[in-house]
1. For segment 56-96, state which trypsin sites (Lys or Arg not before Pro) are in a DSSP loop and have at most 11 other beta carbons lying within 10 Å of their beta carbon.
2. Using Cα pairs under 8 angstrom and six or more residues apart, how large is the relative contact order of the chain, in percent?
3. Once all Cα-Cα distances of the chain are split into 10 Å bins that start at 0, what whole-number percent is in each one?
4. Mind checking the angle between helix 2-13 and the chain's longest principal axis? C-alpha axes, 0 to 90 degrees, to the nearest 10.
5. Excluding residues fewer than 8 places away in the same chain, name every one of the aspartates and glutamates whose C-alpha is closer than 13 Å to that of K40.
6. Positive end of the charge dipole of the chain (Lys, Arg +1 and Asp, Glu -1 on Cβ, about the Cα centre): tell me which of G21, V64, A90 has its Cα farthest that way.
7. Only Lys, Arg, Asp and Glu count, each charged at its Cβ (+1, +1, -1, -1), so figure out the dipole size of the chain about its Cα centre, rounded to 20 debye.
8. Take L9, project a point 7 Å from its Cα along the Cβ direction, then tell me which residues of segment 89-121 have their backbone nitrogen under 16 Å from it.
Amino acid sequence: MGEAVTADLLREFVEDELFKGHLSSRINFDEAFDNWKKEKLQVEIEKFANYWGIQDMDTLNRSVNLYSDSQPEIIPYIEEINNSVNHEIALNKENKGRLKHIIELGKALSNWMHEIKSRLS
């Protein structure tokens, strides 16, 4: 399964960057691919943070980097992430009240981290 995800990412990278001439001939292909994946990860972190109203994206980024599939129930820095949530600016308006919003965020965070780590790491 991991190889299929990597193959899809590699195809996307080649189509979006190599074929369109966005890569310098001086840069190592593997390095360029890794940098591209990091940029995609940052975009995904930003989208998730905006959707849930997480203001501390640095902590969310550190949490994603430390997250381990071997311990999916542990979300690094969960308290700091929860403390940085501003329910008022969240794009997700499904939950009435901050407490319900944070409970739902906790559920979504675990699934999202698993998906994002397996796809972009």
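No lab work stands behind these numbers, since they all come straight from the coordinates. Remember, it's a predicted structure, so these values are computed and weren't measured experimentally. Cβ: placed from backbone, ideal geometry, glycine included. Neighbour counts: every protein chain shown.
1. In loop regions of segment 56-96 (DSSP not H, G, I, E or B), the sparsely surrounded trypsin sites (Lys or Arg not before Pro) are K93, K96.
2. Worked out over the chain, it gives 28 percent.
3. Calculated P(r), rounded to whole percents: 12, 39, 28, 17, 4, 0.
4. That works out to roughly 70 degrees.
5. Counting by Cα, and skipping residues close in sequence, K40 has these aspartates and glutamates nearby: E12, D16, E17.
6. A90
7. Details: 15 positive and 22 negative charges, 69 e Å.
Using only the charged Cβ atoms, the result is roughly 340 debye.
8. Answer for segment 89-121: 112-121.
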